[in-house]
Amino acid sequence: MCVCPGPRRIAIPVRSSRLPLLSDAMPAPAHLFPLIRNCEISRIGSTACYCHHRHLCCLSSHFAHSHFRYAPQKKFAALYRPKEHFNHFIHTRDYASTPQRFYLTPPQVNSILKANEYSFKVPEFDGKNVSSVLGFDSNQLPANAPIEDRRSAATCLQTRGMLLGVFDGHAGCACAQAVSERLFYYIAVSLLPHETLLEIENAVESGRALLPILQWHKHPNDYFSKEASKLYFNSLRTYWQELIDLNSGETTDVREALINAFKRLDNDISLEAQVGDPNSFLNYLVLRVAFSGATACVAHVDGVDLHIANTGDSRAMLGVQEEDGSWSAVNLSYDHNAQNEHEVERVKMEHPKSEEKSLVKQDRLLGLLMPFRAFGDVKFKWSIELQKRVIESGPDQLNDNEYTKFIPPNYYTPPYLTAEPEVIHHKLRPQDKFLVLATDGLWETMHRQDVARIVGEYLTGVHHQQPIAVGGYKVTLGQMHGLLTERRARISSVFEDQNAATHLIRHAVGNNEFGTVDHERLSKMLSLPEELARMYRDDITIIVVQFNSHVIGAYQNEEL
């Protein structure tokens, strides 16, 4: 259902025989469903609405409640039900009015959870691991079809360090896809010394083979666009040529390199859309990328130096093992949204005082967008004149689209949105055991302290039993026995998952009110039909990076 505040609102309620979720809803015309189910920004957004994937999108299953990226109108409130109502549905004993006849078996559940998992172990040289990273596990669980999250991991070959990142797309997957392919190249180029940049440029000029910059660590499903590779390369080359011309002879600062790479890529995304391309496919592609959006959370690990560059509301969290063996979580990023007072003040400082009341409304930028930083989203960056010119000269799909013609309200002094990241530096210590990078689909369902404990216990195989908390629930002796039995079974099967990210997703989707994985709940959540899954959870993308405490300790001793 689309409920965005555009010039025309298109309400497309969806019915399901499985769950009585919608009330007073009329069935949508049959010819609309293929467009919705594709979950693409067909016609640069498919409909008149534009919103972040996790909070309501113009595409099939993008229903939610209080977390709309684009604020819903009150008159549509009866057409959806909040996510938290699903907890009641899951745990209620009265299934008479809501029969659920289909359950996934444990093997079927495992097949779904493990479909996108990937693991990489850093190789050892001469019997000694010289990297502070032992390896990483990653996984994705889609709610949208296709998934709008992306992930990337690569080793920097011309400089020391490893890059890892998660990317959370909205209004389709186009921008997240482009950023996941391109950002690490921009970061790697930003970190290269002047001599290496010259060597690369001379190789291009003479037609010689280029020095490899990155070694990618990809799952087979991690798609790279071959059609746009030449365009992307030309933009990247222009960037390193400018770096050569601006060379000051100073050592590259990692923080500055990360900021410059984020900003330059976003600028190139915008410029490519303005210039267009003679190839109609590429022209449409660059417009899709620019008019959709994506947040990004990237880690650069080099020895004991960990840098987190964050734009938007994905998060980075450090897992720390305390002296008593327990686990604690340390935030290494901050959400860029209305819940961040410093971010609200930053936005207000960048615009006239006369706009103070309209800048942030209903906890959204201009009353529409939840993240205050993102790639793409040129509707919040370009002037009205530029938007009109690009739309009028663009392909018919763009010109006919309602969303592209829509101007956000109170749009006076753009840009209102930036892709500039907030960079946090952390010196790794032997007690810092792992890093979790994840899109907001995880953090909506789990507290960081639970994430730290679950991953820490999984990696070490040591479980610190906490007293079973039952909250306000009335628990019989038989139910308590069941909880204890379940806990014992959970401990014995902890290595059922060979991937830490998969193990974390299992808990994020299947945890019940007692903090244990409930197979029945997990089965129901994973068997929801495509058009309803998005109502109860978001795409989840997780990377768990495991650190080598011995190497980190050796680095520390060298510095003393």
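The values are calculated or read from the model by the stated rules, or taken from the named source; none is laboratory data. All values reported here derive from a predicted model rather than from experimental measurement. Virtual Cβ from ideal backbone geometry, glycine too; neighbours counted across all protein chains shown. For the accessible areas, the whole protein counts, side chains as well, though only heavy atoms, and no ligand, DNA or RNA atoms are used. Shrake-Rupley method; radii C 1.70, N 1.55, O 1.52, S 1.80 Å.
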Looking only at the range 503-560, filter to residues that are assigned to a loop (DSSP other than H, G, I, E, B) and hydrophobic (A, V, I, L, M, F, W, C); which one of those is farthest from the chain's Cα centre (by Cα)? L560
Pair list, Cβ under 8 Å, 6 or more apart: the range 411-429 residue within 12 Å of L365 (Cα to Cα) and at pLDDT 95 or above, other residue acidic (D, E) and part of a loop (DSSP other than H, G, I, E, B): L417/D377
Could you please give the count of residues in the range 376-407 that are closer than 18 Å to A338 by Cα and touching a helix residue (DSSP H, G or I) at 6+ places or on another chain (Cβ under 9 Å)? 1
Condition check: open to solvent by less than 10 Å² (accessible area, probe 1.4 Å), within 30 Å of T541 (Cβ to Cβ) and in contact with a Phe, Trp or Tyr (Cβ under 6 Å, 6 or more places away or on another chain). Does A178 satisfy that? no
Failed criterion for P107 (all others in (1) within 18 Å of the chain's Cα centre (by Cα); (2) under 30 Å from M535 (Cα atoms); (3) of a type outside the set (K, R) hold): (1)
Taking the range 182-221, which residues are in a helix (DSSP H, G or I), touching a residue at least 12 places away in the same chain (Cβ under 8 Å) and farther than 17 Å from A257 by Cβ? L198, E199, E201, V204
So, I200, is that one closer than 25 Å to S248 by Cα and either in contact with a Cys (Cβ under 7 Å, 6 or more places away or on another chain) or open to solvent by less than 10 Å² (accessible area, probe 1.4 Å) (or both) or not? yes
Out of the residues in the range 512-533 meeting the condition of being surrounded by fewer than 16 Cβ atoms within 10 Å (Cβ to Cβ) and of a type in the set (D, E, K, R), tell me which one is nearest to A143 (Cα to Cα). E520
Given the criterion over 15 Å from Q177 (Cα atoms), charged (D, E, K, R) and in contact (Cβ under 8 Å) with a residue 40 or more places away in the chain, identify the matching residue among D245, D313. D313
Members of the range 291-310 that are out of contact with any Phe, Trp or Tyr (no Cβ under 7 Å at 6 or more places or on another chain) and either of a type in the set (A, V, I, L, M, F, W, C) or without any contact (Cβ under 8 Å) to a residue 40 or more places away in the chain (or both): F291, C297, V298, A299, V301, L306, I308
Yes/no for R315 being within 30 Å of A452 (Cα to Cα) and not aliphatic (A, V, I, L, M): yes
Kindly check whether there is at least one residue in the range 491-502 that is under 24 Å from N139 (Cβ atoms), open to solvent by less than 20 Å² (accessible area, probe 1.4 Å), part of a helix (DSSP H, G or I) and modelled with pLDDT under 60. yes
Close pairs (7 angstrom Cβ cut-off, 6 or more residues apart or separate chains): in contact (Cβ under 8 Å) with a residue 24 or more places away in the chain and within 19 Å of D222 (Cβ to Cβ) in the range 527-552, open to solvent by 10 Å² or more (accessible area, probe 1.4 Å) and β-branched (V, I, T) anywhere: D539/I147
Taking only pairs six or more apart or across chains, which ones have beta-carbon atoms under 7 Å, a first residue in the range 225-236 that is open to solvent by less than 70 Å² (accessible area, probe 1.4 Å), and a second residue that is part of a helix (DSSP H, G or I) and among the hydrophobic types (A, V, I, L, M, F, W, C)? A228/L282; A228/L285; L231/L282; L236/V189
Looking at (1) assigned to a loop (DSSP other than H, G, I, E, B); (2) polar (S, T, N, Q); (3) open to solvent by less than 40 Å² (accessible area, probe 1.4 Å), which is the one condition that is false for T404? (1)
What about F224, is it within 20 Å of V544 (Cα to Cα), hydrophobic (A, V, I, L, M, F, W, C) and not in a strand (DSSP E or B)? no
Answer residue from the range 245-259, given it is of a type in the set (V, I, T) and modelled with pLDDT under 95 and is nearest to the chain's Cα centre (by Cα) among those: T252
Filter the range 227-270 down to the residues that are more than 28 Å from P415 (Cβ to Cβ) and part of a helix (DSSP H, G or I) and list them by number. S229, K230, I244
Would you confirm whether any residue within the range 376-387 is hydrophobic (A, V, I, L, M, F, W, C), part of a helix (DSSP H, G or I), out of contact with any Phe, Trp or Tyr (no Cβ under 7 Å at 6 or more places or on another chain) and open to solvent by 10 Å² or more (accessible area, probe 1.4 Å)? yes
